[in-house]
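J.: Below is a structure I'd like to ask you about.
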Amino acid sequence: MAADREQRSLFGEILDWMLAPLLVIWPISVALTWLVAQGIAGRPYDRELGEMARNLGLQVAAAEAPEGRRSRYALSPEAAALLRADETDTVYYQVLGLRGEFLSGDRSLPVPEVETPIVPWELHFRDDEVGSDSVRVAYLWVAPEGMAGATQTMLVQVAETLGKRARLTNEIIKGVILPQFVILPLAVLLVWMALARGIAPLNDLQRRIRSRESSDLSPIDERRIPDEVAPLVRAINDLLGRLDQSIGAQKHFLADAAHQLKTPLAGLRTQAEFAQREIDEGKSSPAELKRSLQQIALSSQRAAHMVNQLLAMARAEDKEHAARRSEVNLSELAMETVRDFVPRAMDKRIDLGFEGPDASQSTLRIHGHPLLIRELIRNLVDNALLYTPAAGTVTVRVVEDPFGQVTVLQVEDSGPGIAENEREQVFQPFYRALGTNVDGSGLGLAIVREIATAHAAEVGLDETRSLRPGQPHEEGQGPGARFTVRFTARPKPEQDEQPAAED
């Protein structure tokens, strides 16, 4: 694991992959050069050795002619001296008669294996040993003159040690290998310089990125970078763009949150200072002090509600938190939420109801985060109760759409409704419709959309009922608003599962 975490140099990696094969190929090149040099050095000496064997064979054939038959063939002292005149190598020769008997030369020279059929006067070469010396042997079978049709032949062999051949081979190898000792370091130097020049644009890109200010999220210039690095730079630019949008949204959100918190906190401080001044001046009565304390409590309640909404918004935007999901019984969550809001609805004389299957028998399940789904329902119900006047109605409904294979959550009210041109804006943070005279944070519907987006759900908004212009409103009745959230349906398993633990 430590080796995997170790930082590696791209320059060193490329240099290793270029030089390592070169260092492996170089010994192979030396071996191949040695083999080729041996073949080159042996050819002229083979031709010379073959000529010696052929000339000796001509003499043997003439000496064994029927007219001048002799029992044995002996090379003249002058010819033997000429044959052994080489000062570097030792030359051996051997002549065998028609019956394979030794006639002349060196007895220590090995006899070759008999080849069938034997072709007279065909020259052959082989490598052999005479004593402790390695030799190159040229041999041929000779048909005596006047006996061309005879089946018997004489063997003539001439052998030579390998001194001159080894010396010429070494000279060839030196001539080829020694320049490589100069060329190889030069090649390494040129490779290093080429890599350094090729990686220079990467170093320039690194310097440009390091010299940037932390607040500079503008795209990196792609005109001065290699084509191989262009996809990486484009990916970085895409990341910078998304990061710039995210930071901009966070700054805007924090600025709006600070502005929204300023009002209840300022009111809280003003009421506290006013009550303290009245007490100091001795002008406060129990009724006035109670009224100041009520205002202080109201301001603190608004501030607490704002902070809770901000925390809910942050939790909804947390991708890791939203990813922890389980089976959720939507009917059960909706019913529990409606039950929690019943006292508040009774205080405003609002008819709050629930329509849907019984929670214990419901098969309407979705795959999501229970806490976030509950927060979505709470914000929709809270928004409906805020804007619905006294004697109005608020209905929470959970139904299944078998054709669309979705589970639908609806929260509708009989309030003033939302103008069509504002229906998209109400989902923006801190946006509140004008003329409603309702205290709120402006975050509830933004939280709803954020949670729905995290669960791949769709949020829709329309009117509960349409009123003709001039038509009078009944008490607590208006155009109303209907919020519809469509979740992907998930069938209930055959066996009951344990309920998922909520955060």
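J.: Examine the range 357-365 for a residue that is crowded, with 21+ Cβ neighbours inside 10 Å, out of contact with any Leu (no Cβ under 6 Å at 6 or more places or on another chain) and outside any strand (DSSP E or B), and state whether such a residue exists.
T.: Among the residues of the range 357-365, not one is crowded, with 21+ Cβ neighbours inside 10 Å, out of contact with any Leu (no Cβ under 6 Å at 6 or more places or on another chain) and outside any strand (DSSP E or B), which makes the answer no.
J.: Return yes when residue 177 is in contact with a Ser or Thr (Cβ under 7 Å, 6 or more places away or on another chain), closer than 30 Å to residue 132 by Cβ, at pLDDT below 80 and not small (Gly, Ala, Ser) and no when it is not.
T.: On the way: in contact with a Ser or Thr (Cβ under 7 Å, 6 or more places away or on another chain): yes; closer than 30 Å to residue 132 by Cβ: yes; at pLDDT below 80: yes; not small (Gly, Ala, Ser): yes.
For residue 177, the condition - in contact with a Ser or Thr (Cβ under 7 Å, 6 or more places away or on another chain), closer than 30 Å to residue 132 by Cβ, at pLDDT below 80 and not small (Gly, Ala, Ser) - is met.
J.: For the range 311-334, what are the residues that are at pLDDT 65 or above and either in contact with a Lys or Arg (Cβ under 8 Å, 6 or more places away or on another chain) or open to solvent by less than 70 Å² (accessible area, probe 1.4 Å) (or both)?
T.: 326, 327, 328, 329, 330, 331, 333, 334 - these are the residues of the range 311-334 that are at pLDDT 65 or above and either in contact with a Lys or Arg (Cβ under 8 Å, 6 or more places away or on another chain) or open to solvent by less than 70 Å² (accessible area, probe 1.4 Å) (or both).
J.: Step by step: first the residues of the range 228-245, then only those that are part of a helix (DSSP H, G or I) and acidic (Asp, Glu), then the one that is modelled with the highest pLDDT. Which residue is that?
T.: Applying the filter and picking the extreme gives 238.
J.: Would you confirm whether any residue within the range 39-57 is of a type in the set (Asp, Glu) and modelled with pLDDT under 80?
T.: no
J.: Modelled with pLDDT under 85 and surrounded by 11 or more Cβ atoms within 10 Å (Cβ to Cβ) - does that describe any residue in the range 127-143? Give the derivation first.
T.: First, the residues of the range 127-143 that are modelled with pLDDT under 85: 143.
Those still in the list that are surrounded by 11 or more Cβ atoms within 10 Å (Cβ to Cβ) too: 143.
Within the range 127-143, one or more residues are modelled with pLDDT under 85 and surrounded by 11 or more Cβ atoms within 10 Å (Cβ to Cβ).
J.: Turning to a different aspect of this structure: Looking for whichever is surrounded by 17 or more Cβ atoms within 10 Å (Cβ to Cβ), at pLDDT 80 or above and in contact with a helix residue (DSSP H, G or I) (Cβ under 9 Å, 6 or more places away or on another chain) here; the options are 161, 169. Which one fits?
T.: Criteria check complete, one pass: 169.
J.: Looking at residue 337 and the list (1) over 47 Å from the mean Cα position of the chain (by Cα); (2) buried (at least 21 other Cβ atoms within 10 Å of the Cβ), which single condition is not satisfied?
T.: Answer for residue 337: the failing condition is (1).
The values are calculated or read from the model by the stated rules, or taken from the named source; none is laboratory data. Nothing here was measured: the structure is a model prediction, and the numbers come from that model. Methodologically, a virtual Cβ is constructed for each residue, glycine included, from the backbone with ideal geometry; neighbour enumeration extends over all protein chains shown. The protein model used for the area step is the full one, side chains on, heavy atoms only, and it has no ligands, DNA or RNA in it. Shrake-Rupley method; radii C 1.70, N 1.55, O 1.52, S 1.80 Å.
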